[in-house]
1. To test your reading of the geometry: what angle, between 0 and 90 degrees and rounded to tens, separates the Cα axis of helix 316-329 from the longest principal axis of the chain?
2. Taking only C-alpha pairs under 8 Å that are 6+ residues apart, what is the relative contact order of the chain in percent?
3. For the chain, what is the mean residue ellipticity at 222 nm derived from helices alone (per DSSP H run of n ≥ 4: -39500 (n - 2.57); sum divided by total residues; nearest 500 deg cm²/dmol)?
4. Along the charge dipole of the chain, Cβ charges K/R +1 and D/E -1, which of 112, 18, 91 sits furthest on the positive end?
5. Size of the dipole of segment 204-328 about the Cα centre, Lys and Arg at +1 and Asp and Glu at -1 on the beta carbon, nothing else charged, in debye to 20?
6. Give me the distance between the Cα centres of segment 30-66 and segment 132-160, rounded to whole Å.
7. Angle, helix 214-226 long axis vs. longest principal axis of the chain, Cα atoms, 0 to 90°, nearest 10?
8. Would you list 102, 110 from fewest to most Cβ contacts within 10 Å?
Amino acid sequence: MLVVMKKDATPEQIRRVVETIERLGLAAHPIPGTQRTAIGITGNRGTLEPSALESLDGVLEAIPVSRPFKQVSREWKAEDTVVDVGGVTIGGRALVVIAGPCAVESYEQCVTVARAVKEAGAALLRGGAYKPRTSPYSFQGLGEEGLRILARVREEVGLPVVTEALDPEGVGLVETYADMIQIGARNMQNFSLLKRAGKSRLPVLLKRGMSATIEELLLAAEYVVNEGNPNVVLCERGVRTFAEHTRNTLDLSAVPAVKRLSHLPILVDPSHGTGRREKVLPMALASVAAGADGLIIEVHDQPERALSDGHQAIVPETFRFLMERVRRLAPVMDRDVHAPPTLFPR
Ligand code: PEP
Ligand code: MN
């Protein structure tokens, strides 16, 4: 249920509505808007009777939220959410490109790639210190040492850092060193991880599970938001199908689907979405044309020596070309491209 206040509702009237909701044993979530304030209600098991709330002073109407996800839905909040990541905003007019290696392998590798992607126009640096690998014998990431490398590169190059936490305990470490917590496809429904990320001060990049529906993705986001962290960015990264010409099938229709159902920003990852480097550029451009708020792309200076996902990594020169194309395409979509930050507060 969403209680929409009149335009001229006073703070006192809003407070009365919140109190009334709480007296019913429910949670009230005031949502200030540019036009008017709305107050969302969660915690009800059945349907609520709108008339009890509509009779309160200052209330315009009480409308049921029909979707299973509430706080991330467009019904709940019509305006697009803009998420701040170390001073870089995702979800506004400017497209954001996150780039970097799949995994942090060494300081030299990380700083080389970071400098190259920043020069080409990436606004955020990616790189995994904890890698969710299919095989236990594959490179698992450098762990906290990888996070320390990311933090050092962050200071030296000046790009905020996005990195994955694999479990609730790992969130604390990512909070110490980075600017955004990535929750990977394999962990999209790791509910204790989602809840822990929901208690974080850092924004969350939530990747779609490889067989997750859009509704499941949005319900996963709801877990994070419901714990008090409204700063969630979604990411389409391909789903598993019968296709053999790609690693995954990049579902670009997820972008307009999410935009219709939710106010949260959505990025596309054409690297994991295709798994083949020659497909990254065309699918990156298609993502922008589909209305994505940005891209996350794997870049490696020596892909043939990469410790993970080398076959989908593009080299810095290709990334420069990709950024040029994205900058040329953006105006067609009424967008521009976020420049790398010049400085960012810690
Ligand atoms: C990654 O971004 O490095 C990653 C592991 O992606 P995904 O969770 O989408 O497979
Ligand atoms: Mn990868």
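A short reminder: the numbers here are calculations on the coordinates, not readings from a lab. Since this is a predicted model, take the numbers as computed values, not measurements. Glycine gets a Cβ as well: all are built from the backbone with ideal geometry, and neighbour counts include every protein chain shown.
1. Taking Cα atoms only, the helix is inclined about 40 degrees.
2. 18
3. -10000 deg cm²/dmol
4. Of the listed residues, the answer is 91.
5. On the way: 15 positive and 16 negative charges, 70 e Å.
The calculation lands at about 340 debye.
6. 44
7. For helix 214-226, the angle is close to 70 degrees.
8. Fewest to most other Cβ atoms nearby, the residues stand as 102, 110.
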